[in-house]
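These notes concern the structure reproduced below.
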Amino acid sequence: MPIQPLPTGLPIIAPRAADSHKGTYGRALLVGGSVGMPGSISLSGQACLKGGAGLVTLAVPDAIINTVANFEPSYMTWALPTDRSGHIPLHAKSRLREKLEASSCLAVGPGLGQSQGLFHLVGHLYETFTGPMIIDADGLNLLSLRSAPLAGRAGPRVITPHLGEFRRLVGKPHLSMEDARDMASELAGRQKITVVLKGPKTLVTDGQRHWHNPTGNPGLATGGTGDVLTGLITALLAQSLDAYEAAVLAVFLHGLAADLAIETTTQAGLTATDLLSFVEAAWRDYESRRDHLST
């Protein structure tokens, strides 16, 4: 069977240099988790490793740090305080500061939960972290509570809402997916951010460029797969792709992993853990098609 070409508009990243090392591929910091919700941030951390980040650190409440650490020995964990409700409190920003200074990029949201302290913490990170930042899940829900949800960014930003989260961000509870796609492009251009509107043929847009993903299937409609996508985007941001290109390639690989997975599993039975195990196969498929371009 002939090798299928890569879709037009997909970023082409070079093979790794022989003299590269873990520092070459960035330091990713992911902030999330709460009591009763250690899995989401752990899935993101594992996906970030499989996406190629050199060093991955998960900053989580100290009450769940042992559980999170036990999911995967290859990422590092950083203990943050836990408030009485089981969430990360606002004063954790002082402990985060030293990690942020050494981080290539930041992800916020998986398993985070919601509280008054987190409302202020997520807003603070959005407005002060100057590197690339991806906001997902409860990070988006917390931003949507602000009077101007996406204003005041300090650096490149990627947001990854599904339709419900996008509706909350724009304050339109009955918005259709078709109208959301149009609004996502306008919002991305106005705020100068990258929007990943998740759904069938996931849209990635920065207001100027637009990508409709050709990969993926309904098996992705299960909890945790969005956390895997967050980790993949974070990994590519750590490796210095720009926000739009990181989002496009991650969305493509994420969907391709799902397509490869259901050759072995089923759409109904696909889990986020299954999806993780097929990310490497998706990379191999991408790399074989990339390498074919140069022959």
For a quick check of your reading: which helices (runs of 4 or more DSSP H) sit entirely within the range 1-108 and have at least 2 residues that are without any contact (Cβ under 8 Å) to a residue 40 or more places away in the chain and out of contact with any Ser or Thr (no Cβ under 7 Å at 6 or more places or on another chain)? 65-71, 92-101
List the number of the failed condition for residue 259; all other conditions in (1) more than 22 Å from residue 162 (Cβ to Cβ); (2) out of contact with any helix residue (DSSP H, G or I) (no Cβ under 6 Å at 6 or more places or on another chain); (3) not basic (Lys, Arg) hold. (1)
Taking the criterion of being of a type outside the set (Lys, Arg) and either at pLDDT below 95 or part of a loop (DSSP other than H, G, I, E, B) (or both), would at least one residue in the range 227-239 satisfy it? yes
Single residue of the range 240-271 satisfying the filter (assigned to a helix (DSSP H, G or I) and among the β-branched types (Val, Ile, Thr)) that is nearest to residue 39 (Cα to Cα): 251
Matching residues in the range 47-66 - criterion: being out of contact with any helix residue (DSSP H, G or I) (no Cβ under 7 Å at 6 or more places or on another chain), more than 21 Å from residue 280 (Cβ to Cβ) and crowded, with 19+ Cβ neighbours inside 10 Å: 61, 63, 64, 65
Evaluate the range 103-112: report whether one residue or more is over 27 Å from residue 256 (Cα atoms), of a type outside the set (A, V, I, L, M) and surrounded by 17 or more Cβ atoms within 10 Å (Cβ to Cβ). yes
The range 123-175, subset within 24 Å of residue 241 (Cα to Cα) and charged (D, E, K, R), residue nearest to the chain's Cα centre (by Cα): 136
Only residues that are under 19 Å from residue 137 (Cα atoms) and either of a type in the set (A, V, I, L, M, F, W, C) or over 18 Å from the mean Cα position of the chain (by Cα) (or both): list them for the range 176-215, please. 177, 180, 181, 184, 187, 188, 193, 195, 196, 197, 203, 204
Of (1) within 22 Å of residue 258 (Cβ to Cβ); (2) surrounded by fewer than 22 Cβ atoms within 10 Å (Cβ to Cβ); (3) touching a helix residue (DSSP H, G or I) at 6+ places or on another chain (Cβ under 6 Å), residue 214 fails just (3)
Do you know which residues across the range 222-239 are touching a residue at least 60 places away in the same chain (Cβ under 8 Å) and farther than 26 Å from residue 190 by Cβ? 224, 227, 228, 231, 232, 235, 238, 239
Any residue at all in the range 217-226 that's within 17 Å of the chain's Cα centre (by Cα) and among the hydrophobic types (A, V, I, L, M, F, W, C)? yes
Name the residues in the range 156-179 that are more than 16 Å from residue 110 (Cβ to Cβ) and touching a Leu at 6+ places or on another chain (Cβ under 9 Å), would you? 156, 157, 163, 166, 167, 168, 169, 170, 175, 176, 177
Residue match in the range 67-87 (condition: under 17 Å from residue 229 (Cβ atoms), out of contact with any helix residue (DSSP H, G or I) (no Cβ under 7 Å at 6 or more places or on another chain) and surrounded by fewer than 23 Cβ atoms within 10 Å (Cβ to Cβ)): no
Which members of the range 272-295 meet the condition of being at pLDDT below 95 and not in a helix (DSSP H, G or I)? 294, 295
Looking only at the range 209-221, filter to residues that are part of a loop (DSSP other than H, G, I, E, B) and either free of Cβ contacts under 8 Å to residues at least 12 places away in the same chain or among the β-branched types (Val, Ile, Thr) (or both); which one of those is farthest from residue 253 (Cα to Cα)? 221
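The values are calculated or read from the model by the stated rules, or taken from the named source; none is laboratory data. Every value quoted in this text rests on a predicted model; they were computed, and no experiment measured them. Cβ sites come from the backbone with ideal geometry, for glycine too, and all protein chains shown count toward neighbours.
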